[in-house]
Every structure is written in structure tokens, then in C-alpha cells.
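These notes concern the structure reproduced below.
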Amino acid sequence: MELMQYINQGVSPYHVVKNSKEWLKLSGFTELFMDESWRLEEGQGYYVSPYESSLFAFRAGGGFVRIATGHTDQPMLKVKPNPSMMKEGCYVINVEGYGGMILHTWFDRPLALAGKVVCRSEDIFAPNVMLYDSREAVAVIPSLAIHYDWEVNKKNELKIQIHLLPLVALQKEQQGDVLLSYIAEQLDVLEDDILDYDLFFYNPEEPKLVGLNREFIVSPRLDNLTSCYSALLGLVMGASNNTNVVALFDHEEIGSRSKQGAASNLFSWFLDKCIHSMDEAGITVGRTMDSLINEGFLLSLDVAHACHPNYSDKSDPTTKTHLGEGVVLKISGSQKYNSDSVSNAIFMQLCEREKISFQRQINHSDIVGGSTLGPIVGSFVPVCGVDAGVPVLAMHSAMETASYQDCMELNRLVTAFFS
């Protein structure tokens with residue numbers, strides 16, 4: 001699968017996992033289930049999806065554990081219950097912000113709708129879960145004409161509940177909820193059978209190569225599908241005697257504190273089952289989880305902030321990160337990132353050996369940066385590791401910008417890491 005195709009198809013966390021599973025299956029990996037016994041073969045690839053928006057995949061090997069992580073979610077507008085509202089002859093949809101959005105980037109662009117819809121079933125403890133993607137644009141959020149607000153370019157205050165309600169239809173006679181009625185028709189189910197959903201308005205614009213020399217990739221969801229793609233590609237392409245693991249978590253953008261997020265015991269349970277099953281298969285005879293993890297390494301992947309040419313004062317004055325100069329090693333004295341001096345040295349030597357371009361990033365001392373998966377995973381699985389990723393501009397915008405070559409360098413890094 002090609003990067004731009006992967007991004008274009010990953011319109012919700014559920015679709016990211018669905019498409020990732022299909023890619024792994026086509027690459028010869030076997031699906032497993034957490035509630036079944038695992039019979040593993042050395043060198044064979046496997047994957048398990050404990051929940052619809054999280055995915056763990058691995059190759060069984062006798063060496064130490066190498067882990068690459070990413071997250072499947074991204075900032076979007078999440079549909080609330082009872083979503084349809086009539087306002088001034090139009091239907092608008094009641095939404096809330098998911099993650100740290102740059103709100104003004106969502107105005108005046110066609111929006112599509114995707115996620116999962118949960119319907120009633122004969123077994124009340126096993127509802128019927130259906131993935132949904134409108135693919136075509138079904139909404140728009142018009143901005144206010146400048147003639148009504150001449151100070152608009154001097155202000156920055158936007159309220160989701162007031163200013164960012166997606167417009168989906170003109171008012172007409174309608175029985176039930178206009179949005180749910182539309183989705184029910186699309187899925188060929190009864191509207192009354194839809195009990196709940198996790199639906200998001202997303203930017204359906206396809207990734208594009210931009211610039212005089214087509215150096216830039218401009219796309220929605222670069223954060224964090226660039227990382228998910230590189231992790232899976234490295235797992236598929238890499239070949240070694242180690243136990244290579246990819247963990248794709250949901251809910252990173254809202255703190256990871258969920259059963260399918262990194263701040264749970266889920267990944268630890270998976271690793272314990274994985275290593276126990278490999279021991280039973282004679283792949284890691286006599287090796288404990290502690291010993292395999294102690295010798296292992298974690299490559300936590302998420303995008304990094306590039307120095308913005310129009311706002312360079314926002315970056316550290318001596319350690320600036322630029323588009324086109326390679327993979328970013330993220331550093332934080334407050335341990336917002338998992339990197340330390342020893343793990344940094346390992347990362348740097350790997351890049352030097354493989355001739356992979358890399359650079360370091362540390363935040364401006366007076367500007368609070370974001371955090372990511374590394375410290376969270378490391379608190380449950382205490383393994384040496386770093387946080388790294390491709391540098392981007394306009395992080396959390398509806399359209400983000402990166403260097404296409406940096407994305408290719410990240411692919412090379414993870415493949416080398418797993419080889």
C-alpha cells in the first residue's frame with residue numbers, strides 16, 4: 001500500500017484499523033483473537049484487534065522485543081446524540097471538538113462523515129456494529145462574511161457550539177432525525193435500530209504533492225497516519241530474529257485514558273500473552289517477559305513540529321527542526337517524550353549506520369509543547385526508547401504540511417529498526 005492511499009482511506013480510527021488489517025492479511029499475516037489460545041511459528045506475522053480502533057501486530061522471534069507505536073485518531077468534529085437542529089431554514093448538526101483542533105481551518109471546505117454505527121441485535125451484549133463512510137461531502141461550515149465582521153482578521157475567538165455547526169440540508173418536512181435518517185438509508189437499516197454511534201466529520205480532500213518541485217505533501221491526517229504507515233511498512237518489510245511489534249492505539253489526541261488507549265493495561269496484557277505463547281511454541285524458551293523487555297527498545301512514532309518560516313520565534317533558538325532535513329528525534333527535559341541520553345545515542349547511531357537523515361527537536365523554553373505515546377507506554381512497559389516522527393507544519397489543522405522525503409526517511413528508519 002502507498003502512503004497517500006493509506007492516508008486517504010484512514011478517515012476514522014475504525015477505518016485506519018480496518019485498512020491496516022487488510023494490508024497485513026495481504027502480506028501474509030494471520031489474525032489472532034485475545035480470548036483464544038495462540039499457536040505461533042517463528043518468523044510468522046500475526047495481528048490482533050482487541051477493539052475496532054486499536055491494533056497490535058507482530059512477528060514472532062527469539063530475540064529481544066522491538067516495538068513501534070502510533071495512534072489511529074486525529075482531531076475532528078464528533079457528532080453528538082440527537083444531532084439535527086433546525087436553524088434559519090437549514091439543518092445543522094450538533095457537534096463537539098475531538099482533540100486540539102485549529103478551528104478556523106474547518107470553515108468553507110466540504111466535509112464528509114465517517115465512523116461506526118451501532119444497531120440493535122438479538123444478543124443485547126453483542127450489538128451490530130457497522131462501519132460507515134459517506135465518502136462524498138455531506139456538509140459545510142460557512143464562515144461569516146467579512147461585511148458582518150470587519151475585525152474578523154484581528155480576532156481568533158471561535159466557539160464550536162456556536163460557530164462550527166456543520167450545515168447539511170435545507171429545511172423540509174422530515175420525520176425523525178435528518179442525519180440519522182440519511183445514514184440509515186445509506187446502511188440499509190431502520191432508523192429506529194440505530195442505538196448509538198461514533199461519527200466524525202472529516203476533511204475528504206485527497207493528499208497532494210505541492211511545491212515547485214513537488215517536495216511537500218499537503219494532506220489531512222498526517223498526524224498520525226504517517227507514523228502508522230511507517231510502522232506497518234517496517235513490520236512487513238523488516239526481517240530479523242527479534243520479536244517485532246507494532247501497537248496502534250486510539251484516543252491519543254484526548255489523553256489516551258481509555259481501554260483502547262495507551263494509558264491502560266491492554267498492551268501489557270497483549271505482550272504477556274504474546275511472550276507466553278512464544279515460550280509455549282519453543283521460540284523463546286526460558287526467556288521471561290522482563291528479560292525480553294529489558295533488552296528491548298521502543299520507537300514511539302508521532303509527528304513533530306517543524307520550525308515555521310513565518311513564525312520562527314516559536315521554535316528553540318539553537319535546536320530548530322526543518323522540513324526536508326529528515327526524521328525528528330524529540331527531546332524534553334520534563335519527559336514529555338520518552339527519549340533520554342542513552343536511547344538518543346542508540347537512535348542516532350542507527351540513523352548514522354543506515355545513512356538516514358535525522359534532526360533533533362526540543363521546545364522553546366517558554367512555550368508548552370504537546371506530549372505523545374512514549375512516556376505513557378513506557379510507564380506500563382518500562383523499556384528503553386525514543387519519541388520520533390516526521391516534522392510537520394500546521395499540526396492539528398484540517399490540512400497539514402510535511403516533506404514527502406521526510407516521510408520516506410521514516411519508512412527507511414522503521415524498516416532498519418525491524419531488520
Quiz item: If only one of V236, V210 is crowded, with 18+ Cβ neighbours inside 10 Å and modelled with pLDDT of 95 or more, which one is it?
Solution: V236
Practice problem: Filter region 321-345 for residues that are surrounded by 15 or more Cβ atoms within 10 Å (Cβ to Cβ), among the β-branched types (V, I, T) and not in a strand (DSSP E or B) and give the result. | Solution: T321
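Residue-wise test of (1) surrounded by fewer than 17 Cβ atoms within 10 Å (Cβ to Cβ); (2) in the same structural domain as G89 (by TED's automatic domain parsing); (3) touching a residue at least 40 places away in the same chain (Cβ under 8 Å); (4) in a helix (DSSP H, G or I).
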{"position": "E157", "(1), (2), (3), (4)": "yes, yes, no, no"}
{"position": "L180", "(1), (2), (3), (4)": "no, yes, yes, yes"}
{"position": "A184", "(1), (2), (3), (4)": "no, yes, no, yes"}
{"position": "Y197", "(1), (2), (3), (4)": "no, yes, yes, no"}
Practice problem: Out of S230, S219, report the one residue that is touching a residue at least 40 places away in the same chain (Cβ under 8 Å) and touching a Leu at 6+ places or on another chain (Cβ under 6 Å). | Solution: S230
Quiz item: Say we look at region 186-195 and pick out the residues that are free of Cβ contacts under 8 Å to residues at least 24 places away in the same chain and in a helix (DSSP H, G or I); which of these is nearest to D108 (Cα to Cα)?
Solution: E191
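Picking from F125, F107, which residue would you name as being more than 21 Å from Q74 (Cβ to Cβ) and surrounded by fewer than 17 Cβ atoms within 10 Å (Cβ to Cβ)? Spell out how you get there, then give the answer.
Details: F107 fails: more than 21 Å from Q74 (Cβ to Cβ).
It is F125.
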Quiz item: For region 141-159, which residues satisfy the criterion of being in contact with a helix residue (DSSP H, G or I) (Cβ under 7 Å, 6 or more places away or on another chain) and either of a type in the set (D, E) or under 17 Å from M101 (Cβ atoms) (or both)?
Solution: I141, L158
Quiz item: Can you name the condition, by its number, that L167 falls short on among (1) of a type in the set (A, V, I, L, M); (2) in contact (Cβ under 8 Å) with a residue 40 or more places away in the chain; (3) farther than 19 Å from A114 by Cβ?
Solution: (3)
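Condition first: over 30 Å from I367 (Cα atoms), within 26 Å of the chain's Cα centre (by Cα) and in a helix (DSSP H, G or I). Now tell me which residues in region 276-320 satisfy that.
To start, the set of residues in region 276-320 that are over 30 Å from I367 (Cα atoms) comprises 276-296.
Add one more test, that the residue is within 26 Å of the chain's Cα centre (by Cα), and what stays is 293, 296.
I293 - this is the single residue of region 276-320 that is over 30 Å from I367 (Cα atoms), within 26 Å of the chain's Cα centre (by Cα) and in a helix (DSSP H, G or I).
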Quiz item: Restricting attention to region 262-272, which residues are assigned to a helix (DSSP H, G or I), out of contact with any Phe, Trp or Tyr (no Cβ under 6 Å at 6 or more places or on another chain) and buried (at least 17 other Cβ atoms within 10 Å of the Cβ)?
Solution: L266, F267, L271
Practice problem: Search region 127-143 for residues that are among the acidic types (D, E) and pair each with any residue that is at pLDDT 95 or above and not in a strand (DSSP E or B) when their beta-carbon atoms are under 8 Å apart and the residues are at least 6 apart or on different chains. | Solution: D133/V11; D133/S12; D133/H15; E136/P204
Quiz item: Among (1) over 24 Å from M348 (Cβ atoms); (2) touching a strand residue (DSSP E or B) at 6+ places or on another chain (Cβ under 8 Å), where does T226 come up short?
Solution: (1)
Quiz item: What number of residues in region 62-88 are more than 30 Å from K159 (Cβ to Cβ) and out of contact with any Gly (no Cβ under 7 Å at 6 or more places or on another chain)?
Solution: 4
Quiz prompt | Close pairs from region 288-299: first in contact (Cβ under 8 Å) with a residue 12 or more places away in the chain and in the same structural domain as T243 (by TED's automatic domain parsing), partner small (G, A, S) and buried (at least 21 other Cβ atoms within 10 Å of the Cβ), Cβ under 6 Å, at least 6 apart | solution = F297/G385; L298/G385; L299/A68
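The values are calculated or read from the model by the stated rules, or taken from the named source; none is laboratory data. Quantities reported herein were computed from a predicted structural model and do not represent experimental measurements. Note: ideal-geometry Cβ built from the backbone for every residue, glycine included; neighbour counts use all protein chains shown.
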